[in-house]
Amino acid sequence: MGFFYSKDLMNSEGDILDLISLGKSHQAMNLIMSRFKRFVFSIAIRYMRDEEDAKDITQEAFIKAYQSIETFRGDSHIRTWLYAITRNLCLNALDKQKRKGQILSIDSHDYIELPASERSDSLVEHAEFTSFFNECMSILPEKQRETFILRHVEELSYEEISTMLGTSIGGLKANYFQAVQKLAQYLESKDKRNAHERS
């Protein structure tokens, strides 16, 4: 699945860079928060697996972004820059939790969740989908899971993901292919079990 930047996204990034170059950091940050708040939260919730912790990380990520915004020159996409900031904050927070013995299992089924404002009108359907999606993601090794989510859910290009994770494009494609294969096998097996239970 290819990914192309929308005209709105490109214009938004151009507008943000223009504001930064004019020294209008506050206005630029307002645009960044408006455009990328859900993206940053989605990263944080996947790592932290707790909504309140994810909200704290999201807020801290934008504070750090604001503090360094004047050094951002557009060498990478804004999403790539924000991802690196958010991921580092999450890893630091998880390391602190681990030292305190508060860390949750990586296979917990609650590490993917949308903010309340983004949820489906049907809470039952949303809960069922979230549970099913997390069940599928839990069977994947960490690298395959992260690659699959960034590629398939966030619809990032391999070039962006490579910059974010420091992994070669070839390695990412292999991770994604293996993830798709494992998910297909898992879903096929699950369908067979369900059919057997109904018979």
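The values are calculated or read from the model by the stated rules, or taken from the named source; none is laboratory data. The shown structure was predicted, so the numbers you read here are calculated from the model rather than taken from an experiment. All Cβ positions, even for glycine, are placed from backbone atoms using ideal geometry, and neighbour counts span all protein chains on display.
Quick notes
- Counting only helices (runs of 4 or more DSSP H) wholly contained in segment 130-199, the ones carrying 2 or more residues that are outside the structural domain of SER42 (by TED's automatic domain parsing) and either over 27 Å from ASN88 (Cα atoms) or in contact (Cβ under 8 Å) with a residue 60 or more places away in the chain (or both) occupy 158-165, 169-198.
- LEU89 fulfils the conditions (1) at positive phi; (2) at pLDDT 90 or above except for a single criterion, (1).
- Test for ILE16: is it surrounded by 18 or more Cβ atoms within 10 Å (Cβ to Cβ) and either closer than 16 Å to CYS90 by Cα or at pLDDT below 90 (or both): yes
- Flag for ASP8 being farther than 22 Å from GLN59 by Cα, outside the structural domain of GLU146 (by TED's automatic domain parsing), in a helix (DSSP H, G or I) and at pLDDT 85 or above: no
- Residue within segment 63-70 that is modelled with pLDDT under 50, among the aliphatic types (A, V, I, L, M) and not assigned by TED's automatic domain parsing to the domain that holds ASN134 present: no
- The residue of segment 160-174 that is farthest from LYS143 (Cα to Cα), among those that are touching a helix residue (DSSP H, G or I) at 6+ places or on another chain (Cβ under 6 Å) and modelled with pLDDT of 95 or more, is ILE169.
- Pair list, Cβ under 7 Å, 6 or more apart: segment 46-67 residue on the phi > 0 side of the Ramachandran plot, other residue surrounded by 15 or more Cβ atoms within 10 Å (Cβ to Cβ): ARG49/TYR111
- Residue match in segment 74-82 (condition: closer than 22 Å to LYS143 by Cα, out of contact with any helix residue (DSSP H, G or I) (no Cβ under 8 Å at 6 or more places or on another chain), at pLDDT below 85 and not in a helix (DSSP H, G or I)): no
- Subset of segment 61-98 (residues that are of a type in the set (S, T, N, Q) and farther than 21 Å from GLU146 by Cβ): GLN67, SER68, THR71
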